[in-house]
Amino acid sequence: MKLLLNRTGSPLGELLLVTDEQGSVRALDFDDHRFRVHRVLTKRYGEHELLDAPSPSAVETRLRRYFAGDLAALTDVHVNTDGNELQREVWAALRAIPAGKVTTYGALARDLGYTDPRMAMEIGAVIGANPIAIVVPCHRVIGADGDLKGYAWGLHRKRWLLQHEGATIQREAAQAPLEF
């Protein structure tokens with residue numbers, strides 16, 4: 001499989017954008033996690049050729065617009081995450097969470113029709129395996145107590161993205177805004 005790599009700047013550090021020849025996003029990672037992106041690509045696609053893209057892509061333009069404040073700029077970017085059925089289901093549900101909104105792992109599991117409360121942990125594992133930062137907005141999922149919990153690319157980035165989107169996070173117990 002032939003994949004194209006674009007490097008683009010962001011307020012959070014250089015991004016590694018991997019697309020296929022049709023322009024679908026296959027991975028989006030940060031340069032300081034470049035080994036992760038190579039590991040993900042090898043796991044998902046086996047043998048692949050990663051070529052430097054010859055020019056900026058339409059997705060890069062959308063990313064610049066998002067970082068400039070157009071929070072809807074990424075909503076219709078085409079992604080191809082592959083993955084198993086649960087992964088595809090969860091990653092599609094993440095894309096349905098509007099910018100500026102958050103949900104919890106448990107609420108996401110319930111929204112997907114799961115009644116077993118332990119599915120929140122499974123959903124969390126699937127979210128942690130998300131290969132496409134920002135465009136598949138796993139940063140919009142937080143703990144039931146309002147804590148940010150994990151983020152593969154660092155909690156400082158999750159916090160920044162939520163602030164950028166104007167998210168209001170409330171702790172369920174205290175119903176008080178979480179200070180960033």
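The values are calculated or read from the model by the stated rules, or taken from the named source; none is laboratory data. Treat the numbers as computed from the prediction; the structure is a model and nothing was measured. Glycine also receives a Cβ, built like all others from the backbone with ideal geometry; neighbour counts cover every protein chain displayed.
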Any residue in the stretch 49-77 that is without any contact (Cβ under 8 Å) to a residue 24 or more places away in the chain and of a type in the set (A, V, I, L, M, F, W, C) sitting within a Cβ distance under 6 Å of a residue that is crowded, with 19+ Cβ neighbours inside 10 Å and not in a helix (DSSP H, G or I)? List the pairs, counting only those 6 or more apart or interchain.
none
Modelled with pLDDT of 95 or more, β-branched (V, I, T) and outside any helix (DSSP H, G or I), is that true of V136?
yes
Which of the numbered conditions does F30 fail, given that it passes all the others? Conditions: (1) at pLDDT below 95; (2) more than 26 Å from A109 (Cα to Cα); (3) hydrophobic (A, V, I, L, M, F, W, C).
(1)
Looking at G150, G146, which one is of a type outside the set (S, T, Y), surrounded by fewer than 18 Cβ atoms within 10 Å (Cβ to Cβ) and assigned to a loop (DSSP other than H, G, I, E, B)?
G150
For the stretch 99-111, does any single residue satisfy the condition of being assigned by TED's automatic domain parsing to the domain that holds T19 and polar (S, T, N, Q)?
no
